[in-house]
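I have placed the structure first, in the form of structure tokens, so that the comments after it can refer back to it.
The values are calculated or read from the model by the stated rules, or taken from the named source; none is laboratory data. Computed from a predicted structure; not experimentally measured. Cβ coordinates were reconstructed from backbone atoms using ideal geometry, including for glycine residues, and neighbour counts include every protein chain displayed.
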Amino acid sequence: MLEDNLIILREFQEHDLVKWTSWFNDQGITQYMNKGVFPNTLAQQKDHLRNLTTDKNNIQLAIDLKGNKEPIFIGLIGLHNIDWVHGTGAISILIGEDEGRGKGIGKKAIQLLVHHAFRKMNLRKINAGMWSKNIASKKAFEANGFQLEGVKKQEYFCDNEYLDSLEYGLLKKEWKK
């Protein structure tokens with residue numbers, strides 16, 4: 001478990017699956033993501049969660065917003081395609097609940113996971129990719145020091161237009177500064 005004064009990043013629980021599945025089926029939430037194209041089922045999410053328990057190259061964590069009583073499950077963040085030989089991984093994030101948007105929670109979750117990846121996992125570089133219209137993700141990653149490394153032109157089709165893919169990276173040695 002990773003946490004700060006606002007959020008907790010924790011292991012997924014079985015009771016998270018219904019909400020997690022609903023986010024991936026919500027066109028508003030997944031508009032600028034590679035999710036929501038095909039229906040996502042609860043059974044698929046259960047299989048995914050089961051596979052994560054033994055997968056050493058992918059980490060998926062729930063994001064809980066600390067509250068007055070119980071923390072509220074508002075999103076997810078992951079470190080994927082971890083290459084232990086070369087010391088790299090790719091980060092992804094989704095804020096699924098309205099009360100989690102516009103408060104800097106994505107930025108804080110990225111900060112916590114980056115710190116863990118560089119300090120505890122000894123990775124040397126983290127990558128992130130997003131669709132060009134995903135302004136919230138772009139701002140959250142840039143606020144954490146990620147730099148634009150490349151653009152893949154017209155990589156995704158959305159709302160009757162082709163969007164670029166923005167490829168970001170953060171090196172441990174630059175993060176330390």
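Assessment of segment 145-154 against the conditions (surrounded by 19 or more Cβ atoms within 10 Å (Cβ to Cβ), among the aliphatic types (A, V, I, L, M) and modelled with pLDDT of 90 or more) yields no matching residue. Here His80 meets each of (1) surrounded by fewer than 14 Cβ atoms within 10 Å (Cβ to Cβ); (2) without any contact (Cβ under 8 Å) to a residue 24 or more places away in the chain; (3) not in a loop (DSSP other than H, G, I, E, B) with one exception, condition (1).
When restricted to residues that are without any contact (Cβ under 8 Å) to a residue 24 or more places away in the chain, loosely packed, with under 15 Cβ neighbours inside 10 Å and part of a loop (DSSP other than H, G, I, E, B), segment 37-77 contains 11. The set of residues from segment 104-125 being assigned to a loop (DSSP other than H, G, I, E, B) and either over 16 Å from the mean Cα position of the chain (by Cα) or at pLDDT 95 or above (or both) comprises Lys120, Met121, Asn122, Leu123, Arg124.
The set of residues in segment 1-18 being part of a helix (DSSP H, G or I) and either crowded, with 17+ Cβ neighbours inside 10 Å or in contact with a helix residue (DSSP H, G or I) (Cβ under 9 Å, 6 or more places away or on another chain) (or both) consists of Glu14, Asp16, Leu17, Val18. Restricting attention to segment 122-133, the residues that are touching a residue at least 40 places away in the same chain (Cβ under 8 Å), surrounded by 18 or more Cβ atoms within 10 Å (Cβ to Cβ) and not aromatic (Phe, Trp, Tyr) total 5.
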